[in-house]
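Structure first, commentary second.
The values are calculated or read from the model by the stated rules, or taken from the named source; none is laboratory data. Just so it is clear, the structure is predicted and the values come from calculations on it, not from any experiment. All Cβ positions, even for glycine, are placed from backbone atoms using ideal geometry, and neighbour counts span all protein chains on display. Remember, those area values only see protein heavy atoms, side chains included, never the ligands or the DNA or RNA. Shrake-Rupley method; radii C 1.70, N 1.55, O 1.52, S 1.80 Å.
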Amino acid sequence: MNSKGRVVHFEIHADDPARAAVFYSAVFGWEINKWDGPQDYWLIMTGDKSKAGIDGGIVKRMGPAPGQMNPVSAYVCTIDVTNLDEMMVAVKDNGGSMALEKMEVPGVGWLAYCKDSEGNIFGMMQPLPQV
């Protein structure tokens, strides 16, 4: 298989991230801790690192919550890429668009949010080089 990226992270958008952290911790037993970064962001560890699966985060929602009987609202998955700039061009060249331009995540890497051809949002992350 010639894959250019793998899902490495998901995000849950919440009106009240602290309340969502309590919910997911109580329901699934996830370890959730507030990130010491520039925004109200909570890191989620979903289980044992030696087992298959991915971890994620909870972020403050930037708009109204999904209404009843609206189309599916889902978590945002983030895909690991080696060259974020090239992948942003590939998204646009294939009918997608940018939802949030490239930004630095201090100590982690570079992140951008895109929309696919159907308007669904996903993230792409270029990690910092390993030292």
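Structural remarks
- Residue within the range 66-73 that is surrounded by 11 or more Cβ atoms within 10 Å (Cβ to Cβ) and among the small types (Gly, Ala, Ser) present: no
- Qualifying residue in the range 71-81 (condition: touching a helix residue (DSSP H, G or I) at 6+ places or on another chain (Cβ under 6 Å) and more than 24 Å from Pro129 (Cα to Cα)): no
- Every pair of residues 6+ apart whose Cβ atoms lie under 7 Å, when the first sits in the range 3-20 and is touching a residue at least 60 places away in the same chain (Cβ under 8 Å) and assigned to a strand (DSSP E or B) while the second is of a type in the set (Ser, Thr, Tyr) and open to solvent by 60 Å² or more (accessible area, probe 1.4 Å): Phe10/Tyr75; Glu11/Tyr75; Ile12/Tyr75
- Condition met for Ala26 (assigned to a helix (DSSP H, G or I), of a type outside the set (D, E, K, R), in contact with a strand residue (DSSP E or B) (Cβ under 8 Å, 6 or more places away or on another chain) and at pLDDT below 95): no
- For the range 29-42, a residue qualifies if it is without any contact (Cβ under 8 Å) to a residue 60 or more places away in the chain, in a loop (DSSP other than H, G, I, E, B), surrounded by 12 or more Cβ atoms within 10 Å (Cβ to Cβ) and not charged (D, E, K, R), and the qualifying residues are Trp30, Trp35.
- Here Leu128 qualifies as among the aliphatic types (A, V, I, L, M), touching a strand residue (DSSP E or B) at 6+ places or on another chain (Cβ under 7 Å) and loosely packed, with under 14 Cβ neighbours inside 10 Å.
- Residue among Met45, Met103 that alone is open to solvent by 40 Å² or more (accessible area, probe 1.4 Å), within 15 Å of Gln126 (Cβ to Cβ) and of a type outside the set (Val, Ile, Thr): Met103
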